Structures are given as C-alpha cells and as structure tokens.
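The values are calculated or read from the model by the stated rules, or taken from the named source; none is laboratory data. All figures in this text were calculated on a predicted structure; none of them were measured in a lab. Here the Cβ positions follow ideal geometry from the backbone for every residue, glycine too, while neighbour counts run over all protein chains shown. Side chains are part of the model used for accessible areas, which takes the heavy atoms of the whole protein and leaves out ligands, DNA and RNA. Shrake-Rupley method; radii C 1.70, N 1.55, O 1.52, S 1.80 Å.
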Amino acid sequence: MELANYLAIMRRRWLSIAMATLLGLAAALGYSLFIPPVYTATAQVFVSVRGLETPGELVQGATFTTRQVRTYTQLVSSPRVLAPVIAQLGLPTTPDELSAHVRAQSPVDTVLINVTADDESPQLAAGI
C-alpha cells in the first residue's frame, strides 16, 4: 500500500480512529487518577576498612571491602535487617512484605551501596 491508500482509509474511518483515540486517552487518564503515587527515598552507604597502612594491607582491604559490599547488598532485604526497621517505625507489616518495597544495589567496582525504599507515603519511604 502507498501513502495515498493510507490517507484514503484514514479519511473514511476518521470517526472510528478519533473514538478509539479518545477512548484510549480516557482510559489512561482514569487509570492515572485512581492509582496512588509511589514515592522513592534513596540513601547511599560507603563501606571501608580502617587501620590499613601498608600497600599490601590496602590491596587486601579493597578486595575484602568489595566482597563485603556484595554481601551487604543482599542483606538489606533480609528479615534480620528489616525486623528492626518495622519495630522502630511501628509498621503493621512483616519483613517479607516490606522486602518488596526495599532494594539495594552497588555500582560495579565501587564500595558504595544504594538503598532504595518505595511507599505511598513520602515520610514512610524516607523513614524506611
């Protein structure tokens, strides 16, 4: 088909196209109005080792810290970490339910951990 054929179809079916477009826009608007907003709070943690002086100790410390960061990233959503958060904030939830709202990641080859919490309340997201 050529462009002229498409334009001819659009001229004949303009009402159907307009109605489908309006229906899609109305559905998107309705969906966005009834979905509560979700707020995200992020904290960044720096992991280091103290008391290293010689170059050999520094290399070992860097290797150790890099491994620890991977472990700490996985621990963020564990019940051992989330249970005290629930207790401190007085949340009516379980660690398993809260873990769906908390995640951690570490940029490649860094000793940084980015911890992110999502919630419908901005204050609660920041508190978590």
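See the values below:
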| item | result |
| --- | --- |
| Listed candidates (1) 13, 47, 31, 9, 1, 0; (2) 13, 47, 34, 6, 0; (3) 11, 24, 19, 14, 12, 12, 6, 2, 0 - label of the one calculated as P(r) over Cα pairs in 10 Å bins from 0, in percent | (3) |
| Efficiency of FRET from Cβ geometry, Glu57 and Val108, R₀ 25 Å, rounded to 0.05 | 0.55 |
| Solvent exposure ordering (accessible area, 1.4 Å, most first) of Asp96, Asp119, Asp109 | Asp109, Asp96, Asp119 |
| Accessible area of the stretch 65-128 divided out per residue, in Å², using a probe of 1.4 angstrom | 62 |
| Order by protection proxy (mean Cβ within 10 Å, highest first), peptides 71-82, 21-32 | 71-82, 21-32 |
| Whole-number percent relative contact order across the chain, with pairs defined as alpha carbons under 8 Å at least 6 apart | 32 |
| In degrees, nearest ten, helix 3-12 long axis to first principal axis of the chain (Cα) | 70 |
| Met19 accessible area, assembled protein chains, probe 1.4 Å, Å² | 120 |
